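First up is the structure itself, then whatever we jot down about it.
The values are calculated or read from the model by the stated rules, or taken from the named source; none is laboratory data. What you are looking at is a predicted structure, and each value in this text was computed from that prediction instead of being measured. Virtual Cβ from ideal backbone geometry, glycine too; neighbours counted across all protein chains shown.
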Amino acid sequence: MMGIGNKLNELLKERNMTVTELSRRVNVAPTTIYSIIQRNNKKVDIDVLLDIADVLGVTAEYFRDSPKSEPHTRAAHFDGTEYTEEQLDRIEAFAKFIKQEDK
């Protein structure tokens, strides 16, 4: 199982983002981010974790101590329109249908 620090470090590499850039965008000291990564913290301030998740385009759930999972992002808006979770589920189902049609 991967801790928060390992997952965070992996996401930073995948997104070619530095600790300094993330800390600036989350508005915390770089040492805070380094500490999370190096200590592989299991407990992180929830507001910081939510901000990190938002900047990296994942949900806070991604950081839970569970078997390694892929980041899951969902389009929250299209053409300025915000969608509910139920609507996003329907959009995803339709997208899968379209992909199947193309095969």
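When the residues of the stretch 40-66 are filtered to those that are exposed (fewer than 12 other Cβ atoms within 10 Å of the Cβ) and in a helix (DSSP H, G or I), the one that is modelled with the lowest pLDDT is E61.
Residues checked against (1) over 15 Å from A60 (Cα atoms); (2) among the hydroxyl-bearing types (S, T, Y):
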{"residue": "S23", "(1), (2)": "yes, yes"}
{"residue": "V26", "(1), (2)": "no, no"}
{"residue": "Y34", "(1), (2)": "yes, yes"}
{"residue": "Q38", "(1), (2)": "yes, no"}
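Right, K7: surrounded by 14 or more Cβ atoms within 10 Å (Cβ to Cβ), outside any strand (DSSP E or B), modelled with pLDDT of 90 or more and basic (K, R) or not?
Judged against the criteria, K7 is a match.
Residues that are surrounded by fewer than 17 Cβ atoms within 10 Å (Cβ to Cβ) and in a loop (DSSP other than H, G, I, E, B) occur in the stretch 21-30; there is at least one. Annotation: T84 fulfils all but one of (1) among the polar types (S, T, N, Q); (2) modelled with pLDDT of 70 or more; (3) surrounded by 10 or more Cβ atoms within 10 Å (Cβ to Cβ); the unmet one is (3).
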